[in-house]
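To start, the structure itself, in structure tokens.
Throughout, read-outs are computed from the coordinates displayed, never taken from laboratory work. Please read all numbers here as calculations on a predicted model, not as lab measurements. Here the Cβ positions follow ideal geometry from the backbone for every residue, glycine too, while neighbour counts run over all protein chains shown.
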Amino acid sequence: MRLFLTSSPCTVHAPDGVPLPFVYNENNRFMELLSAGLRTPFSAVMIAAWPDASASNDEMTWAFGEALRYHGLPMTDMCLIDRRNKEELFARVRQSGLVFLSGGHVPTENAFFAEIGLREALRDYRGIVVGISAGSMNASKTVYAQPEENGESLDPNYRRFIPGLGLTSLQVLPHYNQVHDRMLDGRHLFEDITIPDSMGRKRFWVLTDGAYILQEGCRATLYGEARCIYDGAMFPVTRDGEQLDLSGYLT
């Protein structure tokens, strides 16, 4: 398996004249490295984060598929898995060369992944998996479900560390460029909640949009601007255009 853990693999807007909401990001070699594993015709699967949001799931799947075609990748078809057709998961994954783990609310997506048996469906999968935001977070063996919605950081029953898909031991936090100043429940999301949560835990790799981690076998490389949170402190590790070997952090 080649695993991409992205914050967002997409641009904010498509180029002028392209009738799509976005295309894929070519910075930090993302499209180059994704395309390298997709040189022959392939089918793709999008796994929904919101299992009952049929209309938005359909729209998202269409946009991600058409963006692949915009970049000239030889995709034959793209299937969505949500609660309407969850029984098709195993067959669709077996036939695919590319699986997307969509973005959304981490605990909601995590529960749906468990409901449909996605961890088992991806066992021994030999294609490419692309995590998008929450999908990247849920790819981990142990997921840090960073509080996101109002009330979650104060709820004693909210579980901040939950089992994930086990595709990686790395823990990712996305969209730092968007949420670094965010306040949640009257507290600073990072300074008052996330950084203290890191005490005694594995490192959190904090990605800006356009940054990602590529893991294949026992090797992992971080591309683009990122920070690391570890044992109560956050510090920069890479700038845009740089890369860092994370293989030593795989366990």
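According to the square roots a ≥ b ≥ c of the eigenvalues of the Cα gyration tensor, what is the shape class of segment 90-136, taking rounded for a/c under 1.5, prolate for a/b larger than b/c otherwise, and oblate for the remainder? In terms of gyration-tensor shape, oblate. Hey, how many Å between the Cα centroid of segment 152-170 and the Cα centroid of segment 1-79? Between the Cα centres of segment 152-170 and segment 1-79 lies a distance of 27 Å. Note on segment 80-217: Cα-only Rg and Dmax are 15.5, 47 Å. Highest mean first, the peptides 162-168, 10-16 sorted by other C-beta atoms within 10 Å per residue fall in the order 162-168, 10-16.
Rounded to the nearest 0.05, what FRET efficiency do residue 154 and residue 216 give with R0 = 35 Å and r taken as the Cβ-Cβ distance? Could you check?
0.30
Each label was represented as a point 7 Å from its Cα along the Cα-to-Cβ direction; for residue 111 and residue 12 these points are 3.4 nm apart. Principal-axis analysis of the Cα atoms of the chain puts helix 54-70 at an angle of about 70° to the longest axis.
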